[in-house]
1. Given the conditions (1) in contact (Cβ under 8 Å) with a residue 60 or more places away in the chain; (2) crowded, with 17+ Cβ neighbours inside 10 Å, which single one is not true for residue 140?
2. Out of all the residues in the range 103-117, which are surrounded by 16 or more Cβ atoms within 10 Å (Cβ to Cβ) and either in contact (Cβ under 8 Å) with a residue 24 or more places away in the chain or more than 20 Å from residue 66 (Cα to Cα) (or both)?
3. Given the conditions (1) part of a strand (DSSP E or B); (2) surrounded by 13 or more Cβ atoms within 10 Å (Cβ to Cβ), which single one is not true for residue 96?
4. Which residues, taken from the range 35-58, are closer than 21 Å to residue 92 by Cβ and either surrounded by 16 or more Cβ atoms within 10 Å (Cβ to Cβ) or under 15 Å from the mean Cα position of the chain (by Cα) (or both)?
5. Tell me whether the range 67-89 contains one or more residues that are within 20 Å of residue 35 (Cα to Cα) and either modelled with pLDDT of 90 or more or part of a strand (DSSP E or B) (or both).
């Protein structure tokens with residue numbers, strides 16, 4: 001019985017020691033492939049901004065995935081592609097350009113870009129934290145989702 005306790009204790013200490021060492025391993029350097037993906041996403045982001053500013057429904061139609069969802073964090077609702085295009089036509093759609101703390105993450109076939117967007121609203125500067133998910137379909141990038149949340153929540157995390 002004492003031998004089992006010693007073995008378990010040794011195994012536990014080994015695992016916790018390894019876990020501590022793994023967290024100290026530096027992050028791998030970005031590959032040229034990652035940088036290429038970032039450039040492609042930045043280009044897609046620029047197209048998205050241009051389509052919204054010019055109210056170009058054809059361009060926006062191509063940029064949004066059929067299952068696109070736009071949401072505010074904490075809300076139980078999201079709007080889909082057709083409602084987003086309707087908002088564009090009526091001038092209600094806003095492009096949130098990610099200007100600060102831009103971060104890219106790749107996961108399987110989804111590219112995530114996130115960061116802080118600053119904009120003027122009612123003669124007052126505001127900030128929002130934006131997360132967008134992009135996927136490549138038929139050789140072009142399509143926006144799958146956009147989530148907005150107050151920027152000050154990100155600073156607290």
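1. Of everything listed in (1) in contact (Cβ under 8 Å) with a residue 60 or more places away in the chain; (2) crowded, with 17+ Cβ neighbours inside 10 Å, residue 140 misses just condition (2).
2. So in the range 103-117, the residues surrounded by 16 or more Cβ atoms within 10 Å (Cβ to Cβ) come out as 104, 111-117.
Correct list: 104, 111, 113, 114, 115, 116, 117.
3. Failing condition for residue 96: (1).
4. Residues of the range 35-58 closer than 21 Å to residue 92 by Cβ: 45, 47-58.
Selection gives 45, 47, 48, 51, 52.
5. Here is the first cut: in the range 67-89, the ones within 20 Å of residue 35 (Cα to Cα) are none.
Among the residues of the range 67-89, not one is within 20 Å of residue 35 (Cα to Cα) and either modelled with pLDDT of 90 or more or part of a strand (DSSP E or B) (or both), which makes the answer no.
The values are calculated or read from the model by the stated rules, or taken from the named source; none is laboratory data. What you see is a predicted model, and the numbers here were worked out from it, not measured in a lab. Ideal geometry is used to build each Cβ from the backbone, glycine not excepted, and the neighbour counts take in all protein chains shown.
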